[in-house]
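Novice: Before I ask anything, here is the structure I am working with.
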Amino acid sequence: MDRCVVLVDAGYLLGAAASLLAGEPARSRVTVDHTALIASLRERAEEETGLPLLRIYWFDAAPERRPMPEHRRLRVLPRVTVRLGALTRAEGRWVQKGVDAAMHAELSELARNRACADVVLVTGDGDLLPGMMSAKEHGVAVHLWALQAADGDFNQSEDLVGEADERRVLDREWITRSVQLREPVVAFPPAGPRPEIAKILAAPPAARPAAAETVAPPVEPATMPPAALKVVPTPKDLAGRTAQAHQQQQPPASASNGPVLRWSSDRGWVDRPALEAPTAADALPTLAQLTTAEQRWADREEDITAIGGDPHEVGQVFARRWTDRLGDRERLTPIWADYPRIPHRVDGELLRYAARFGLLAHKDDQIDEHDRYAIRAGFWKELAARVPGGELIVVDD
């Protein structure tokens with residue numbers, strides 16, 4: 001039949017894109033506009049073969065073969081079919097299983113049933129050689145596409161190249177229309193204080209302006225021994241101090257005169273009591289409490305079809321929904337008093353929402369703290385643009 005089909009090995013395509021743009025094959029180093037990528041593949045395939053597209057098959061792997069958010073977005077696109085293999089952990093790295101076999105089976109079935117005249121293979125794996133030869137024996141023209149390799153390297157099996165009827169190389173200009181290098185997220189504030197804070201701290205105590213007290217309130221020696229400021233107390237330390245005070249029939253350290261924890265924020269180092277009482281912001285309703293069943297369905301639809309899964313974007317989407325459904329944004333004004341702390345219940349809900357997109361998952365046996373910082377930064381960035389008082393908060397991109 002006079003139609004073309006595209007079979008994409010997503011691990012090869014996106015891994016090669018990461019190598020080209022970031023210098024390493026880690027897919028987490030790039031962001032992908034899947035809608036634009038599918039459109040580019042279709043346009044290029046129809047142009048190269050001169051035939052209308054029947055379908056694009058997207059072959060990828062996922063833990064326990066459960067679709068990730070990107071797979072859910074892909075499979076609702078027109079003329080796209082997603083086939084998933086298993087993603088397993090072996091010898092300290094992730095390995096995909098069953099993807100090559102699935103591509104081989106699909107290629108052979110299409111050729112045997114004469115479902116298409118031309119097949120475009122976007123892969124570099126030599127294991128597909130038998131499938132390619134079988135398709136050619138059934139009269140199907142096989143087009144092999146490669147992605148431009150980093151530093152002039154070769155990223156395809158020579159046997160595949162030698163057996164293909166046509167071969168094309170997709171260059172950097174083509175791939176960057178839909179795949180971009182992910183900007184690194186700074187997980188911690190700069191080592192030194194901001195210039196204006198450093199100037200205040202360098203001045204003699206008598207010459208420091210009164211405004212400096214808002215950055216780091218002085219601690220009275222009587223209430224906090226100098227030695228206690230050298231180490232931030234752990235929860236175990238705080239529990240021990242409370243028990244000791246109880247044994248001595250003394251009231252435990254209160255929020256006003258207890259140990260002081262230091263928080264990093266865009267306002268510099270902010271001292272906060274270790275045992276904080278709930279604030280006005282903690283009483284704000286959560287997004288779940290503000291969301292109707294109809295809105296929950298619409299949110300899920302948007303998550304699957306429109307949200308890319310970038311950590312900043314996820315935090316911004318959550319903040320947008322929360323502020324819109326709260327109605328009176330003036331109710332959010334007290335939240336700035338606790339910046340950069342997000343109300344506890346809302347913060348937990350935000351991180352659970354981010355987990356739907358595969359963020360905060362274990363990567364190389366470590367929880368990805370970079371994502372956690374980026375999610376919260378996106379939350380504050382959106383609130384700063386929408387809530388009264390946000391202009392006083394500086395949120396870095």
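Novice: Got at least one residue in segment 121-139 being in contact with a helix residue (DSSP H, G or I) (Cβ under 8 Å, 6 or more places away or on another chain), surrounded by 19 or more Cβ atoms within 10 Å (Cβ to Cβ) and acidic (Asp, Glu)?
Specialist: no
Novice: Moving on to the next point. Output yes when any residue across segment 33-41 is outside the structural domain of PHE357 (by TED's automatic domain parsing) and more than 17 Å from SER178 (Cα to Cα), and no when none is.
Specialist: No, segment 33-41 contains no residue that is outside the structural domain of PHE357 (by TED's automatic domain parsing) and more than 17 Å from SER178 (Cα to Cα).
Novice: Could you grab me the full set of residues in segment 73-129 that are β-branched (Val, Ile, Thr), free of Cβ contacts under 8 Å to residues at least 40 places away in the same chain and more than 21 Å from GLU48 (Cβ to Cβ)? Steps first, answer last, please.
Specialist: Within segment 73-129, the subset β-branched (Val, Ile, Thr) is 76, 80-82, 88, 95, 99, 119-120, 122-123.
Imposing the further condition that a residue be free of Cβ contacts under 8 Å to residues at least 40 places away in the same chain reduces the set to 81-82, 88, 95.
Correct list: VAL82, THR88, VAL95.
Conditions tested, residue by residue: (1) modelled with pLDDT under 80; (2) surrounded by fewer than 19 Cβ atoms within 10 Å (Cβ to Cβ).
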residue	(1), (2)
LEU275	yes, yes
VAL317	no, no
ALA337	no, yes
ALA354	no, no
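Novice: Continuing with the same structure: Within the group GLY23, GLY15, which residue is in contact with a helix residue (DSSP H, G or I) (Cβ under 8 Å, 6 or more places away or on another chain) and farther than 13 Å from ARG182 by Cα?
Specialist: GLY15
Novice: Separate question: Assigned to a strand (DSSP E or B), buried (at least 19 other Cβ atoms within 10 Å of the Cβ) and of a type in the set (A, V, I, L, M, F, W, C) - does that describe any residue in segment 148-161? Show your work before the answer.
Specialist: Initial filter on segment 148-161 (assigned to a strand (DSSP E or B)): none.
No, segment 148-161 contains no residue that is assigned to a strand (DSSP E or B), buried (at least 19 other Cβ atoms within 10 Å of the Cβ) and of a type in the set (A, V, I, L, M, F, W, C).
Novice: Would you kindly identify the strands (runs of 3 or more DSSP E) lying entirely within segment 53-123 that contain at least 2 residues that are closer than 18 Å to VAL32 by Cβ and touching a Gly at 6+ places or on another chain (Cβ under 8 Å)?
Specialist: Output list reads 53-62.
Novice: Same structure again: For segment 72-82, how many residues are surrounded by 20 or more Cβ atoms within 10 Å (Cβ to Cβ) and closer than 19 Å to PHE357 by Cα?
Specialist: 3
Novice: Can you find a residue in segment 131-138 that is free of Cβ contacts under 8 Å to residues at least 40 places away in the same chain and in a loop (DSSP other than H, G, I, E, B)?
Specialist: Yes: one or more hits.
Novice: Looking at segment 170-201 only, could you name the residues that are modelled with pLDDT of 60 or more, surrounded by 13 or more Cβ atoms within 10 Å (Cβ to Cβ) and either touching a Lys or Arg at 6+ places or on another chain (Cβ under 7 Å) or not in a helix (DSSP H, G or I) (or both)?
Specialist: The answer is LEU170, THR176, SER178, VAL179, GLN180, LEU181, ARG182, ILE200.
Novice: Hey, can you tell me all the residues within segment 56-101 that are on the phi < 0 side of the Ramachandran plot, among the acidic types (Asp, Glu) and over 20 Å from the mean Cα position of the chain (by Cα)?
Specialist: Listed by number, the list holds a single entry, ASP100.
The values are calculated or read from the model by the stated rules, or taken from the named source; none is laboratory data. Please read all numbers here as calculations on a predicted model, not as lab measurements. No Cβ is skipped: glycine too gets one built from the backbone with ideal geometry, and neighbour counts run over all protein chains shown.
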